[in-house]
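What follows is a single structure, written as structure tokens, with notes after it.
FYI, it's all coordinate maths here, none of it is from the lab. Since the model is a prediction, treat every value here as computed from it, not as a measurement. Positions of Cβ are generated from backbone atoms using ideal geometry, with glycine treated the same way; all protein chains shown enter the neighbour counts.
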Amino acid sequence: MSSIYVLIPLAILLVSIAIGVFFWAVKSNQFEDLERHGSSILFDDDLPKKPSKPQPDPNKSDE
């Protein structure tokens with residue numbers, strides 16, 4: 001019976017933390033676009049990445 005005096009406030013605390021995290025996620029737009037991130041892994045990026053700086057050719061000498 002004495003453990004219930006600890007468990008009920010602990011449960012209320014955990015529920016209030018979960019509700020706070022949920023409202024924080026909604027407020028910071030975490031649930032805006034759920035479809036794009038789930039399907040983005042299915043599509044390949046066909047465009048090759050361009051290097052930011054041209055790399056010197058190691059086979060070419062500076063003579």
| note | Of 19-27, 2-10, ordering from highest average Cβ density within 10 Å down gives 19-27, 2-10
| query | For residue 26 and residue 13 in one chain, what is 0.36 nm times their gap in residues minus the Cα-Cα distance, to one decimal in nm? | reply | 2.7 nm
